[in-house]
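The values are calculated or read from the model by the stated rules, or taken from the named source; none is laboratory data. This one's a predicted model, so the numbers in the text were calculated from it and none came from an experiment. Heads up, the Cβs are rebuilt from the backbone with ideal geometry, glycines too, and the neighbour counts pull from every protein chain shown. Note: accessible area is taken over every heavy atom of the protein model, side chains too, but ligands, DNA and RNA are not part of it. Shrake-Rupley method; radii C 1.70, N 1.55, O 1.52, S 1.80 Å.
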Amino acid sequence: MTELQRLRAEHAPALLAFERANRAYFAESVPDRGDAYFAEFDARLAELLAGQEAGRDHLHLIIGGDGEVLGRVNLIDVEDGSAELGFRVAKEAAGRGLATNAVRQALVLAADTYGLRLLRAAATVDNTGSRTVLQRTGFLPVGETVLDGRPAIRYVRDLGAARQRPAGA
Ligand SMILES: CC(C)(COP(=O)(O)OP(=O)(O)OC[C@H]1O[C@@H](n2cnc3c(N)ncnc32)[C@H](O)[C@@H]1OP(=O)(O)O)[C@@H](O)C(=O)NCCC(=O)NCCS
């Protein structure tokens, strides 16, 4: 049983534990956050919460049955009805559909609660897991880019089309 929760200050210890435990795992697919991220964790979390308060970002955690953080799904850089989607799931919880389910929930929140009309995302060509999640949740490839020096694909998701898709999309 998992739940998608909007990021709050009380999540700090569980979120830090999640980022620490999965640091090496995430660094296999996306750039490492760097030592400063962990050393200045509280200050950075405060900045994130301030950005969320200002409506610039919408940040969510996937919370497990014991209150542990199993993943993150973030909508950042809100502007003109659009935002950029990012997500990550703990190694111990991988391959169970958590990312796919959480992104689907975030799509509903984005359209119904945050009033967004379009989401953008990008994944490196070699990130099969991320690309699978994006394709399964209705993101369409719209071009190529480079992320961290690696070839990548840009995607968009028209939220106006959310309810016109078949259930599996
Ligand atoms: C990408 C990521 C979020 C996937 O999380 P997840 O909860 O395991 O994803 P799901 O279980 O919803 O998987 C969706 C599909 O992708 C597949 N998949 C997941 N990771 C995969 C991988 N590394 N290689 C190949 N396929 C993968 C799953 O098997 C599943 O397909 P299936 O149902 O046919 O088995 C997770 O691996 C992660 O956090 N990676 C590191 C950070 C990252 O890359 N974030 C995305 C940046 S764009």
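So here's what we get for this one:
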{"quantity": "Number of the condition not met by A39 [criteria: (1) farther than 23 Å from A123 by Cα; (2) open to solvent by less than 70 Å² (accessible area, probe 1.4 Å); (3) among the aliphatic types (A, V, I, L, M)]", "calculated": "(2)"}
{"quantity": "Matching residues, segment 35-68, being within 30 Å of D80 (Cβ to Cβ), among the acidic types (D, E) and touching a helix residue (DSSP H, G or I) at 6+ places or on another chain (Cβ under 8 Å)", "calculated": "D57"}
{"quantity": "Helices (runs of 4 or more DSSP H) (entirely within segment 9-81) containing at least 1 residues that are within 16 Å of the ligand (Cβ to nearest atom) and of a type in the set (A, V, I, L, M, F, W, C)", "calculated": "12-21, 23-27"}
{"quantity": "Subset of segment 83-135 [more than 7 Å from the ligand (Cβ to nearest atom), of a type in the set (S, T, Y) and open to solvent by less than 20 Å² (accessible area, probe 1.4 Å)]", "calculated": "T124"}
{"quantity": "Residue match in segment 124-142 (condition: hydrophobic (A, V, I, L, M, F, W, C), assigned to a loop (DSSP other than H, G, I, E, B) and at pLDDT 95 or above)", "calculated": "yes"}
{"quantity": "Flag for F139 being touching a residue at least 12 places away in the same chain (Cβ under 8 Å), open to solvent by less than 20 Å² (accessible area, probe 1.4 Å), out of contact with any Ser or Thr (no Cβ under 7 Å at 6 or more places or on another chain) and away from the ligand (no atom under 16 Å from the Cβ)", "calculated": "no"}
{"quantity": "Qualifying residue in segment 157-168 (condition: at pLDDT 95 or above, within 15 Å of the ligand (Cβ to nearest atom), open to solvent by 20 Å² or more (accessible area, probe 1.4 Å) and under 17 Å from the mean Cα position of the chain (by Cα))", "calculated": "no"}
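Conditions (1) more than 21 Å from I62 (Cα to Cα); (2) polar (S, T, N, Q); (3) out of contact with any Cys (no Cβ under 8 Å at 6 or more places or on another chain), marked per residue:
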residue	(1), (2), (3)
A94	no, no, yes
T100	no, yes, yes
V103	no, no, yes
G115	yes, no, yes
L118	yes, no, yes
S130	no, yes, yes
E144	yes, no, yes
